[in-house]
Every structure is written in C-alpha cells, then in structure tokens.
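Read-outs throughout are calculated quantities, based only on the coordinates presented, and are distinct from any laboratory measurement. Keep in mind the model is a prediction, meaning the values are calculated, not measured. Backbone-built Cβ (ideal geometry, glycine too); neighbour counts: all protein chains shown.
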Amino acid sequence: MNLLVTGGAGFIGSSLIQHLMGRPEVNRLVNLDCLTYAGHPANLRSVAGHPQYRFEKVDLRNKAAVLRVVQEHAIDQVMHLAAESHVDRSISGPGDFIHTNIVGTFHLLEACREMWSQSGPAGANAGARFLHVSTDEVYGSLGPTGYFKESTPYAPNSPYSASKAASDLLVRSYHHTYGLPTLITNCSNNYGPRQFPEKLIPVVIQNILNRKPIPVYGDGLNVRDWLYVGDHSEALWQVLRRGRLGETYNIGGHNEWANIRIVELLCDLVDELEPARGGESRRLITFVKDRPGHDRRYAVDAGKMEQELGWKPAHTFEQGIRETVRWYLENQAWVDEVGRKD
C-alpha cells in the first residue's frame, strides 16, 4: 500500500507512524502535516531516514496541495488524523477548527475521490480505503451510567466536537453518495508519550515538576475513558485492514477515571518517582471555574472492535500511566523543545 497519514507529526499520528513503520504491507508511508504548534519533527526523528517514509509539509486547507500529494504518491490508503483538537482553544478561537477539521476533511475527500475514480471500480485503486479518525466527544455527555455506542445520536457541545461531528458526517456522506470506501473511528481520551503539554495529563505532570498550581475544572468529577496511545495505534491498523466499509467503530480503553482522581494519581506517581522534587504534590491542586459546555462523562462501548476485529487494549491504565509519567520525567528536553514552538 501507499499509505497517507495526515497529522503524523502530532501525538497520536507520530505514535501511529512509529507503530506501522517497517511493516511489509506498507510500500510507502507519506506523512502530511502543516506543523502547527502541536505537530513537531522531534516526534519522528526515529523514522526520518527510513526508506519507506516521506514527509509533506502541507496544510489541509490548501486544496491543490492536498490533491498533488494524493496523486504524486499514488495514495491508495488514508488514515486521516489531522485536526485542531484542544477544546479550550476551540472556545477561544473556533475559526481554525471549522477550516481545518471540516474544510480540510472535505479537501482530502475530494482529492481521494478524484484520484480513485480515475482507475474505475476494477482498477488499481479497487482496494482503496479512507479511515477518518474522530472522537467520542461528538456524542455529547453521558449520565453516571451507560456507554456511547456506534448508534448513539450525535450531540456535540463544544466548537471542537461540533467540527469533528461535521467532518464525520461529511465522510459518511461520501460513502453513501459517491461510494468512497470510508471507515470512521471514534476514540476515547488518549494518553501516553509525546502528547503536547496542553492536555490534562502532560499539563499536570509539568506543573508538578515546576511546583506550579494544578488547575482542576469545577468539582473535578468529570469522567473520561482513557486509552493508551499505542493501543489506539493498533486498533486503527486493524480497522484500516479489516474493518467493514461504511462502518463506524468505537475505540475505548475500558478505563473510566474522574479528573480529580487522575490528578491525584499523577501527583503520587511523580512524588514516588522523583522524590527530590519536593513531595506532597497534592497540595498544588487548585479548583478553578468550570469551562463552558464541559461534558460530564464520556465512556465508549468498544465491543464491536473486539467482536469483529479481535482488538482490545493491551495496557491497563496503571501500566500505561506509570510508563507515561516515567517518559515525561526522562524527556524534559523534548518538553522544552516543543514548548518553545507554541
């Protein structure tokens, strides 16, 4: 396959590329990324010289450039991860989310439709696939019980989740209208190495290390299902290779934690692994005003992934979070490097 990964310099994208590099099924792996603040070449130094790897610095908002990449590299498989993804940024500046997440996805769909239709239904691209990677936030907010299923109606509550919901529906429409061979995944919160230090887990770790207050929204009892990024990468590969075209697959970690419990656990882990930092890190916890539209609970039913594709998470949360904390403690130079870019 000639595989295009969009957003491959970001957190999940770089994990996915490292997970796939060297696989015999992949002839060429093209990483399309415009290197915003959250995408950094430092995430991919280990694969930069690999003979399978190509990098294209292209913005999805540039329709002509997207089409050139798809045609020039004869792309027949797409894993579309590129997106503006931070909820707080979507509240303060929603425009980038609309243009990148919706219009950018439209440009990629159009490029693939044009490229793949040239070969006809029995042509060289008959096995083409377009995997659109999305979020569980499109479903809205859950009460204290129950799970999001693939059939759950969409009810996004932030500009970010609304932009992802729109792009999901656009992808769905291209399958049903044009016969484009699409798949959609909706995943729960990812965590792991190389996550840009604006999301909850890396923010908390950095604030502990720098002895700064740890902001916790509201009462801290908002619940999220946490998925280790390496497990997510394998799930995406399974969906691309074996998922049923036109279908949606929910990917979750079976790890529900309230935000305040996550923060307390991180404080305890850093105190254990880096006792010289001062200890008693829970004293840094500071409750702040809740953000607008803050969903109370997310949790996905990933049973379809297990039943159809035989996938389930390989990491327990306790294993994954300890590995993650240790990685940040040992890679402060990376944090400093990517932080200078914002």
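The table for this structure:
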quantity: Most fluctuating residue given options GLY22, GLY278, GLY192, as computed from a GNM of the chain linking Cα atoms under 10 Å; calculated: GLY278
quantity: Charged-residue dipole, Cβ positions (Lys, Arg, Asp, Glu), the chain about Cα centre, Debye nearest 20; calculated: 420
quantity: Separation in nanometres of the label points that stand 7 Å from Cα toward Cβ, at HIS19 and ALA314; calculated: 0.9
quantity: Rounded to the nearest 20 debye, dipole of segment 108-249 from Cβ charges on Lys, Arg, Asp, Glu; calculated: 220
quantity: Correct option for Kirkwood radius over Cα pairs in Å [calculated from the coordinates] among (i) 22.3; (ii) 21.6; (iii) 20.5; calculated: (iii)
quantity: Taking ARG297, ARG194, ARG224 and counting other C-beta atoms within 10 Å, the order from fewest to most; calculated: ARG297, ARG224, ARG194
quantity: Sparse-neighbourhood loop sites, chymotrypsin sites (Phe, Trp or Tyr not before Pro) in segment 1-81 - DSSP loop, at most 10 other Cβ within 10 angstrom; calculated: none
quantity: Relative contact order for the chain, counting Cα pairs under 8 Å that sit 6 or more residues apart, in percent; calculated: 18
quantity: Linear extension gain, ASP219 paired with ARG242, 0.36 nm per residue minus alpha-carbon span; calculated: 4.1 nm
quantity: Stretch gain in nm, segment LYS63-ALA258, where the contour uses 0.36 nm per residue and the Cα spacing is subtracted; calculated: 66.1 nm
quantity: Value at 222 nm in deg cm²/dmol, rounded to 500, when DSSP H runs of n ≥ 4 in the chain each add -39,500 (n - 2.57); calculated: -11500 deg cm²/dmol
quantity: Whichever aspartates and glutamates have a C-alpha closer than 15 Å to that of LYS63, once near sequence neighbours (fewer than 8 apart) are set aside; calculated: ASP33, GLU72, GLU110, GLU114
quantity: Contour excess over end-to-end distance, with Cα ends at GLN52 and VAL288 and 0.36 nm allotted per residue; calculated: 80.3 nm
quantity: Reachable lysines from LYS289, criterion Cα separation under 25 angstrom, eight or more residues apart if same chain; calculated: LYS199, LYS212
